[in-house]
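Report on the following structure.
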Amino acid sequence: MTSFVRHITIDCADAYTLAGFWAGVLGAPVGADDSPGDPEVAVESPDGALLFITVPEDKRVKNRVHLDIQPKDRTRDEEVERLLALGATLVADHRRPDGRGWATLADPEGNEFCVELGPAERAALTGARLPVTADDVTEVVRLAAEALRGAPADRWDEPAGPLEWTCWETVEHLSDDLFSYAAQLGPQRPPLDDYVPYRWGADREGGPQNAVFADRAAGPDGLLWTLEANGAMLAAMVRTAPAERRAFHSYGISDPEGFAAMGVVETLVHMDDLAAGLGVAWNPPAALCDRVLARLFPDAPADADRWAVLRWATGRAELPGHPRLTAWKWRSAPLDGTA
């Protein structure tokens, strides 16, 4: 048995006020039960937890332990400016002309922390591939559910674009895909020669073969809850499964990142089908398309619009200068060749 870090605890003069600053840094709430004057205040996010404790002593010397943070959705320099506006101060600037380096800031009570390059900037500097993550699964499912909630109520039984399934069945199939990918990563020793043995079946002849179906009586809202729930399961499994875990997929044994990428691609392309059937808009982020192309379709053209390339790679559209695909498959196996 081992231990884990429950909180990083920071002594301070005013726990609630300092927690409010760090809540802004992390985009996470102050504890719901905490209020001004409380001697202990927590800020918890999926990426970690901070606990602030009011103490009578002043801070007198440089901290022996400090936090290093990376921006998720902006550049390092943009994040530095945002944090200065929140109340931080610049202590030392270690940013270099070549784009590398970091900035050391202090929070309103003088606790030092460093702002580093985010993953996208690091990848741009090194030429490395950005991985597909649990956050990507969460984001694409959020975007899909948001788009689908605007669908006309009378079109759910219409065909989903070129598919023979209805729009309702296509969301059920997508939800089931996310569930099954999560399930593949769940066992301590996943099967390497078949899927986890749930009972699969179709509601009608020609319908999708699923293990998970939505209750039709719950209506479109209930259908989308199943999509969100199964997306959350996949995100949780990708986030917590060991990187070395391997599990079966019919296109090749895959790893947690691979299952994340497959879930993202399923969502992106089936939303394309659903957008045609339901008459809703669907324009996914180019950066997300680029990450899944790099992971699952490493030989796809790199010099064209990323969403157009992904639609071409999955046989859904033409791409100028390239023959239309009538058969396709992604690369499930890890790109480093490990199995």
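The values are calculated or read from the model by the stated rules, or taken from the named source; none is laboratory data. Values in this document were obtained by computation on a predicted structure and should not be read as measured data. Note: ideal-geometry Cβ built from the backbone for every residue, glycine included; neighbour counts use all protein chains shown. For the accessible areas, the whole protein counts, side chains as well, though only heavy atoms, and no ligand, DNA or RNA atoms are used. Shrake-Rupley method; radii C 1.70, N 1.55, O 1.52, S 1.80 Å.
Look at segment 208-224: where a residue is of a type in the set (Phe, Trp, Tyr) and a partner is in a loop (DSSP other than H, G, I, E, B) and open to solvent by 90 Å² or more (accessible area, probe 1.4 Å), sitting 6+ places away or on another chain with Cβ atoms under 9 Å, you get PHE213/ASP203. The condition of being among the hydrophobic types (A, V, I, L, M, F, W, C) and touching a residue at least 12 places away in the same chain (Cβ under 8 Å) holds for only one of ALA32, ALA49, that being ALA49. Taking segment 163-191 as the range and being open to solvent by 20 Å² or more (accessible area, probe 1.4 Å), within 23 Å of ALA261 (Cα to Cα) and touching a His at 6+ places or on another chain (Cβ under 9 Å) as the test, the residues that pass are LEU163, HIS173.
Let's see how each residue does on (1) within 19 Å of GLY48 (Cα to Cα); (2) at pLDDT below 95; (3) over 27 Å from the mean Cα position of the chain (by Cα):
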site: VAL65; (1), (2), (3): yes, yes, yes
site: ASP68; (1), (2), (3): yes, no, no
site: ASP73; (1), (2), (3): yes, yes, no
site: GLU109; (1), (2), (3): no, no, yes
site: CYS114; (1), (2), (3): yes, no, no
site: LEU130; (1), (2), (3): no, yes, no
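Cβ-Cβ contacts under 6 Å between residues 6 or more apart (or on different chains), taken from a first residue in segment 279-293 that is part of a loop (DSSP other than H, G, I, E, B) to a second residue that is among the hydrophobic types (A, V, I, L, M, F, W, C), are listed as VAL280/ALA147; VAL280/ALA151; TRP282/ALA147; TRP282/MET271; TRP282/ALA275; PRO284/LEU268; PRO284/TRP307.
Residues checked against (1) at negative phi; (2) in contact (Cβ under 8 Å) with a residue 40 or more places away in the chain; (3) not charged (D, E, K, R):
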site: ILE53; (1), (2), (3): yes, yes, yes
site: GLU57; (1), (2), (3): yes, yes, no
site: ILE69; (1), (2), (3): yes, yes, yes
site: LYS72; (1), (2), (3): yes, yes, no
site: LEU90; (1), (2), (3): yes, no, yes
site: ASN111; (1), (2), (3): yes, yes, yes
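Examine segment 241-252 for a residue that is open to solvent by less than 20 Å² (accessible area, probe 1.4 Å), under 26 Å from ASP154 (Cβ atoms), at pLDDT 95 or above and under 22 Å from the mean Cα position of the chain (by Cα), and state whether such a residue exists. Checking segment 241-252: not a single residue is open to solvent by less than 20 Å² (accessible area, probe 1.4 Å), under 26 Å from ASP154 (Cβ atoms), at pLDDT 95 or above and under 22 Å from the mean Cα position of the chain (by Cα).
Which ones in segment 45-66 are surrounded by 12 or more Cβ atoms within 10 Å (Cβ to Cβ) and assigned to a loop (DSSP other than H, G, I, E, B)? Residues satisfying the conditions are PRO46, ASP47, VAL55, LYS59, ASN63, HIS66. Among the residues of segment 255-262, at least one is more than 30 Å from PHE4 (Cα to Cα) and either assigned to a helix (DSSP H, G or I) or more than 22 Å from the chain's Cα centre (by Cα) (or both). Being open to solvent by 40 Å² or more (accessible area, probe 1.4 Å), out of contact with any Lys or Arg (no Cβ under 8 Å at 6 or more places or on another chain) and without any contact (Cβ under 8 Å) to a residue 24 or more places away in the chain holds for only one residue in ARG149, ARG155, ARG199, and it is ARG199.
Residue check: ASP194 meets all listed conditions (1) over 25 Å from SER332 (Cβ atoms); (2) open to solvent by 50 Å² or more (accessible area, probe 1.4 Å) but one, namely (1). Does segment 312-335 include one or more residues that are assigned to a helix (DSSP H, G or I), crowded, with 21+ Cβ neighbours inside 10 Å and at pLDDT 95 or above? Checking segment 312-335: at least one residue is assigned to a helix (DSSP H, G or I), crowded, with 21+ Cβ neighbours inside 10 Å and at pLDDT 95 or above.
Is it true that TRP307 is part of a helix (DSSP H, G or I) and touching a residue at least 24 places away in the same chain (Cβ under 8 Å)?
Values: part of a helix (DSSP H, G or I): yes; touching a residue at least 24 places away in the same chain (Cβ under 8 Å): yes.
Yes, satisfied.
The residues of segment 22-44 that are part of a strand (DSSP E or B) and either open to solvent by 30 Å² or more (accessible area, probe 1.4 Å) or farther than 30 Å from GLU78 by Cβ (or both), listed by number, are VAL30, GLU40, GLU44. Considering only residues that are open to solvent by 20 Å² or more (accessible area, probe 1.4 Å) and aromatic (Phe, Trp, Tyr), which ones fall in segment 97-146? Once the filter is applied, which keeps residues that are open to solvent by 20 Å² or more (accessible area, probe 1.4 Å) and aromatic (Phe, Trp, Tyr), segment 97-146 yields only TRP102.
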